[in-house]
Amino acid sequence: MLKRANNAYVITGAGISTSADIPDLEHLSSSIDISSETALKNDPQQYYAEFHKLFIDPVFENGPTDSHRFLAKLEEDDLIKGIVTTNIDFLHELAGSKNVADIWSNLNRNHYLKCGRIFPIETLKSAVPTCPICGGLLIPDPVYRHIGIDENAYLRANQWMKQADLVITIGSNGYYDNIPNDINVININPKRNHFDQRAQLTIHSKSDLVFDQIYDYL
């Protein structure tokens, strides 16, 4: 199906990043509200200690996963045109993917609260990132948006879906599902999910295992 497609796109959710020990935002277990700007302001040290444990350390120590790298290779080989993701971890881009619609934004866009300057993901490696100019705290863009929609990325994703003749869903629970009804869908997820009923092909397995097995055939 993939080799026959002219405009294949991918939708990814939390499941593609779990092998990097990055948690699913839906089932996040944390001592503080990671999506709260107030929590950051009230206790920056506690906030960033938790944020490092949940996101920053796994991103730089464990990611990108084999699946992220495989998708980057598919894009390089022009077998897929782009990726729509509800993940904020920036692992698709770190793996080398160029066309990514991060519909909940990502950790490569971070605002200083006082001056508004924007810095990349590497800045988050500091224990408590503060601006060298204004001294303000750094807030990741997904938190700044309260884990809300990035409208530009969302519109881009919708445009891609209109162009698609194949959509591959990986580790997604269907938070983004603007797929036209006449489009072929391949669904990769270890558990039953939102896409099981409409997919032409469903593979109940972890994506790292699936892609390791089919790599030599593409």
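The values are calculated or read from the model by the stated rules, or taken from the named source; none is laboratory data. Just so you know, these numbers come straight off a predicted model, no measurement behind them. A quick note on method: Cβ atoms are made from the backbone with ideal geometry, for glycine too, and the neighbour counts reach across all protein chains shown.
What the table below lists for this structure:
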read-out	value
Any hit, segment 189-209, residues being closer than 26 Å to I34 by Cβ, of a type in the set (D, E, K, R) and either over 16 Å from the mean Cα position of the chain (by Cα) or crowded, with 21+ Cβ neighbours inside 10 Å (or both)	yes
Qualifying residue in segment 69-84 (condition: over 24 Å from N184 (Cβ atoms) and touching a residue at least 12 places away in the same chain (Cβ under 8 Å))	yes
Test: residue in segment 193-212 that is touching a residue at least 40 places away in the same chain (Cβ under 8 Å), under 19 Å from Q45 (Cα atoms) and either not aromatic (F, W, Y) or not in a helix (DSSP H, G or I) (or both)	no
Residues of segment 57-90 satisfying the condition of being closer than 30 Å to T130 by Cβ and out of contact with any strand residue (DSSP E or B) (no Cβ under 9 Å at 6 or more places or on another chain)	D57, P58, V59, F60, E61, N62, G63, P64, D89
Helices (runs of 4 or more DSSP H) fully within segment 42-151 counting 2 or more residues that are among the acidic types (D, E)	57-62, 66-76
Meets criteria (of a type outside the set (A, V, I, L, M, F, W, C), over 13 Å from the mean Cα position of the chain (by Cα), surrounded by 14 or more Cβ atoms within 10 Å (Cβ to Cβ) and closer than 24 Å to Y175 by Cβ) for N99	no
Candidates R145, R198, R117, filtered to the one that is of a type in the set (K, R) and closer than 24 Å to S67 by Cβ	R198
All positions within segment 154-178 that are farther than 20 Å from D24 by Cα, among the aliphatic types (A, V, I, L, M) and in contact (Cβ under 8 Å) with a residue 24 or more places away in the chain	A157, M161, A164, L166, V167
F90 vs. criteria within 30 Å of D66 (Cα to Cα), surrounded by 15 or more Cβ atoms within 10 Å (Cβ to Cβ) and at pLDDT 95 or above	yes
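Each row is one residue, and each column tells you yes or no for (1) more than 22 Å from L94 (Cβ to Cβ); (2) surrounded by fewer than 17 Cβ atoms within 10 Å (Cβ to Cβ); (3) at pLDDT 95 or above; (4) not aromatic (F, W, Y).
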{"site": "K3", "(1), (2), (3), (4)": "yes, yes, no, yes"}
{"site": "N7", "(1), (2), (3), (4)": "yes, yes, yes, yes"}
{"site": "V10", "(1), (2), (3), (4)": "no, no, yes, yes"}
{"site": "S17", "(1), (2), (3), (4)": "no, no, yes, yes"}
{"site": "L25", "(1), (2), (3), (4)": "no, no, no, yes"}
{"site": "L28", "(1), (2), (3), (4)": "no, yes, no, yes"}
{"site": "S31", "(1), (2), (3), (4)": "yes, yes, no, yes"}
{"site": "I34", "(1), (2), (3), (4)": "no, no, no, yes"}
